[in-house]
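These notes are about the structure you will find just below.
Each reported figure results from applying straightforward, stated rules to the coordinates on display, with no laboratory input. None of the values given here were measured: they were computed from a predicted structure. When we count neighbours, we look across all protein chains shown, and the Cβ atoms used for this are built from the backbone with ideal geometry, even at glycine.
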Amino acid sequence: MDIFVQQIINGLVLGSVYALVALGYTMVYGILELINFAHGEVTMIGAMVSLTVISALVGAGVDLPGVVIVLFGLLAAILVCMGVGFTIERLAYRPLRNAPRLAPLITAIGVSIVLQNIAMLIWGRQYISFPPILPQGRHQILGAMITDVQIAILVISVLLMLGLTLLVKKSRLGRAMRATAQSPQIAGLMGVNANTVISLTFILGSALAAVAGVMVSAYYGLAHYYMGFLLGLKAFSAAVLGGIGNLTGAVLGGLLLGVIESLGAGYIGDLTGGVLGSNYQDVFAFFILILVLLFRPSGLLGERVGERA
Amino acid sequence: MASVPETMNQKTRHAWLVFVALGVGLALLPFLIDAGLGRSWVRILDLALLYVMLALGLNIVVGYAGLLDLGYIAFYAVGAYCYALLASPMFGLHLPFWALLPLGAAVAGLFGLMLGTPTLRLRGDYLAIVTLGFGEIIRIFLNNLNAPINITNGPQGVNQIDPVTIAGMSLGKTQVIFGVTFSSPHLYYYLFLILTLSVIFVSMRLQDSRIGRAWAAIREDEVAAEAMGINVRNIKLLAFAMGASFGGLAGGLFAGFQGFISPESFNLMESIMILCMIVLGGMGNIPGVVLGAVLLTVLPEALRYIGDLQRAWIGHVVVDPSDLRMLLFGFALILMMLFRPAGLLPSRQRKRELGAQGAIAEQEQVSVYDAKR
Amino acid sequence: MLKKPTASVGFFFTGAAFMLFGVYGISRKYWKMEYVLKPTLIHGVLAAIIATLLLGACGKRDGAAKDGDVIKIGSVSPLTGPQAHLGKDNENGARLAVDEINAAGLVIGGKKMHIDLISEDDQADPKIATTVAQKLVDNGVVGVIGHLNSGATIPASTIYNNAGIPQISPSATAIAYTAQGYNTAFRVMTNDEQQGHVLGQYAVDKLGDKKIAIIDDRTAYGQGLADEFAKAAKAAGAEVVAREYTTDRSTDFMAILTAIKAKSPDLVFFGGMDPQAAPLTKQLKQLGINAQVLGGDGMQTPEYIKLAGADAEGEIASNPGLALDAMPGGKAFKDKFTARFGPIQNYAPYAYDAAYVLVDAMKRANSTDPAKYLPELRKTDYQGVTGHIRFDQKGDVTGGAVTLYQVKNGAWQPLETVHSKQ
């Protein structure tokens, strides 16, 4: 039982990171129907920037609690990532707004390669370690272990997701975003500047990615210029699982994917009588994803756009 | 266009000239390149031809039928493993290549059906993620099927795969034919060239056939196509199977050419690069796809010379070429797409692909041209 | 530096240009293909870029060929992608050796020679590895130090073998590499079997651990080492209570570690590299698993300690050869390398030794001709910074000394050196 609870906790922590990144994918998709393949790299930039700031502060011997130093790093990461997100949209996606559907996909891949290599030039090819400045407390819940960092990740993710939902549902900007997603032309007629809304969407998504990047590097203790690819892929899968374009769906998809991966790795051996092991963890995750899409072709919470596409 | 028959006449006469010039050029190409740039470029040329085949196969699925496939490399892997397992010391089997290539294509086609059947209802990006998952699943299985029973030799890969042997002549060794020395990359070049030309021919004929028009119809509007009496299910499955079998063919050739394969050659990035090739070249248009495949194979290799270039211009290497190579490649992808959003050589009848919203200037001109004709 | 391209190159470009222009003209005129490609400024710029690149390349080819006193040695490793830090490290190791040899002055066959190290990026991709191998062969290298990964080393070895060029891999461990019957394939690293055997016996006999959990990263390296370890550990009487897997991109191991926790092993063996080994160790501690972590050369790096921090304390990993600090010249190498390139990532000392071994064979043969110095290479008896290097018939290092290290006070301390039976 304690093993099962532990696996669920593992899955939820992993899943909440996926969910934060998936929100970025889903927000952009909801408005532009564009898969922003470079989103994973924005997460990586966030992790790298925050680590640079944190290491510099620690190196300078600044006498502040670890949490405050990390907050400074986070702030820097958010600002830089907002800039990166805005620039990407401006240079690589906006000129292709009316181009054939797959053209922005290629520029997205180009941007992803460029960001990776710029990061490699700036931060080098080595893995960068996260200084051990955060509290390392461990707690027992129902026989399972949970650390302070894990609790922080869960709490911050939930708060951010709630905040974003409020923003989209209640604020003026949120209304403008929803209107633009429905129809950019008509939103324009109603006095919404579609370009500004799209830019703001990218900026918001990138800020979330920055937070996710900092959480990932703090949790695993390292960052590398290549880390964005896999994270982006997982988050994209999560967004599709939940129904891409749907905010609640992205959160649900992320959490589900995390739990599925965790349970898959933990129990696949027992389920198949030892024939398949944890090496089939991703097969298991993709298999469930495919199964879900077979019965709900637009994801768990996605609207049925079938006849429109 | 006053005297139509005369123009036709001239056209056919000069068409022959073009074909002869192209034929001679293609036949001499490896020798010219070997003399001018070195043998490694003949190898790159061989790889480029393999990618042309792959890109044409994916073009059937994505360009003709409009089904976004991000796991295409799986079929390449299936073809390669078919060849490798049946012509290597792995199981002690050494079947001839003329049996293995069709077998690889057929098995890959079967896998294409396997992917196609459950995904018939999915569209656009949902299809993309499922195909992506399928590609990863195949790779993971290849990587792990060394236990409990060793089938694929797992991450260690399959080594010492037999080279392609035609009429007792191994393409893996240097051969002297009529006093002319052909090295292994040269020999493979001719084999790949013949097969690439056949694949191009099949692609062209398919495009203009009943099936090709049916693909175009479901690409443009699936519901309307169904209403017009097209069997959407069969036509979609056919696209998956045809595309997959081209991939399987290229995979078999790759295994024979390379002599060693391992699952790491068949990762997601490869699928994405092949998609880039066709989108960049011009989806649905055969010359465009060929150009895209050649360009994206050659470009990263050509960018290796930026170190030499710096030495030639500045006198010494300022920035390490390995630091810049992929960066420039990424920029090139972005710039090419920004300047030619419909691809370098856009398809003539290219309409709104996968539900794109606006027509672009080039397409307008193309349709004007079509109207004139 | 740019010298005039030779006649053949000029002929090639003129011919190709005329042919393309001709076909293009004809097709434009008679096939009404105007719409296919309207020449614009962009095309001009693109064509110019490609032409300059090619010409630059040719100029280089031509320029270097005339210099008779240059020895070209290739270095190949992934310089981009996830393993770039290791690839660059290998290149730096070889670069240091070559620069030292050049500075000391090298005389072969009565002539003063200068070594030119040509470094290429194989992206750890088997397909690119063969292309790069061919490029080095075209370039006229007389020896190659590389590649990094077994998956790239094996297909490339066929090309070097066909060209008769000796290849020494500083880091490929797959048994298959030297089992192909190629007389040009060598390595200065122990293979999976040698190292796995030592580790398996050490775990059971010396550490006295009987319940063992094994994790590998499903790469050729990790799986090969883990399988050999499992074989040796079982033979020594241990019980493998869990066999789990991850990938070489993963950072989250909580799920498999939780599954392992249920089996309460004495020892967790990890077959893989430090970027995974470090977070794995941290997460193992975090879950409260009380087991020794043991790994191979992929884990025995300063990087591992840097990334795992205090959690690395007490863990054990092996590396082929002898401890660097205990070797004559080892300390000096470390200082020189660190001063110039920063900390050693992993295999730089092996690449450094590989370069010296190549040049040593050339000196003994008094020739840089691969056919002449290849027999001497096989007779190598060289005292390097990683150990005493001799090759067996297959090209593996004989004796296969493996040293075990433990993290003590934040640094790797040698425990003992074991000589494997192979």
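Numbers below:
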item	result
Backbone HN-Hα couplings from phi across the stretch C:401-415 [Karplus 6.51/-1.76/1.60, Hz, Gly and Pro as x]	5, 10, 9, 9, 10, 10, 7, 10, 6, x, 8, 6, 10, x, 8
Cβ neighbours within 10 Å from other chains - mean over C:240-251	5
Cα centroid separation - the stretch B:144-203 against the stretch A:112-186, whole Å	48
Order of C:T247, C:T386, A:T272, C:T153 - criterion: other Cβ atoms within 10 Å of each residue's Cβ, fewest first	A:T272, C:T247, C:T386, C:T153
Pair A:R178, B:A227: separation of 7 Å Cα→Cβ label points (nm)	3.2
Fewest-first ranking of B:W16, B:W215, A:W123, B:W313, using other Cβ atoms within 10 Å as the exposure measure	B:W16, B:W313, A:W123, B:W215
Cα shape, chain A, gyration tensor, a/c 1.5 rule	oblate
In order through the stretch A:229-238: 3J(HN,Hα) via Karplus (6.51 cos²θ - 1.76 cosθ + 1.60), integer Hz, x for Gly, Pro	4, 5, 4, x, 4, 4, 5, 4, 4, 4
Those trypsin sites (Lys or Arg not before Pro) in the stretch C:352-383 that DSSP places in a loop and that have at most 15 other beta carbons within 10 Å	C:K379
Cα gyration tensor shape for the protein assembly as shown, rounded if a/c is under 1.5, else prolate or oblate	oblate
Residue among A:P100, B:Y189, C:G342 farthest towards the positive dipole end of the protein assembly as shown, charges placed on Cβ	A:P100
Cα→Cβ-extended label distance, 7 Å offset, between A:S171 and C:N102, nm	5.8
Computed over the stretch B:39-372: relative contact order in percent, which uses C-alpha pairs under 8 Å that are six or more apart	30
Proximal charge balance of B:F260 [Cβ under 15 Å; K/R count +1, D/E count -1]	-2
Overall form of chain B per C-alpha gyration tensor (a/c, 1.5; a/b vs b/c)	rounded
Overall dimensions of the stretch A:1-147 by Cα: Rg and Dmax, Å	18.8, 56
Amide proton proximity set for C:G387, modelled H, under 5 Å, gap of 5+	C:L322
Selected from B:N150, B:T131, B:F178, residue furthest toward positive end of dipole (chain B; charges at beta carbon)	B:F178
Charge tally in the Cβ shell below 13 Å around C:V293, where Lys, Arg are +1 and Asp, Glu are -1, C:V293 excluded	-4
Point-to-point label distance, C:K379-B:A21, nm (Cα→Cβ direction, 7 Å offset)	6.1
GluC sites (Glu not before Pro) within the stretch A:222-309: DSSP coil, no more than 10 neighbouring Cβ in 10 Å	A:E307
Mean separation of Cα contacts under 8 Å, 6 or more apart, over the residue count of chain A: relative contact order %	35
11 Å beta-carbon shell around B:L122, net charge (K/R +1, D/E -1)	+3
Alpha-carbon centroid distance for the pair the stretch C:351-378 / the stretch C:260-285, whole angstrom	41
Relative contact order %, the stretch B:38-126, counting alpha carbon pairs below 8 Å whose residues are six or more apart	24
Ranking of B:I149, C:I344, C:I145 by count of other Cβ atoms within 10 Å, fewest first	B:I149, C:I344, C:I145
Alpha-carbon centroids, the stretch B:11-74 and the stretch C:388-422: separation in whole Å	50
Too-long pairs where the Cα-Cα distance tops 23 Å, listed order kept, from C:K72/C:K363; C:K72/C:K331; C:K135/C:K334; C:K127/C:K379	C:K72/C:K331; C:K135/C:K334; C:K127/C:K379
Magnitude of the charge dipole, chain B, Cβ model with Lys/Arg +1 and Asp/Glu -1, debye to 20	660
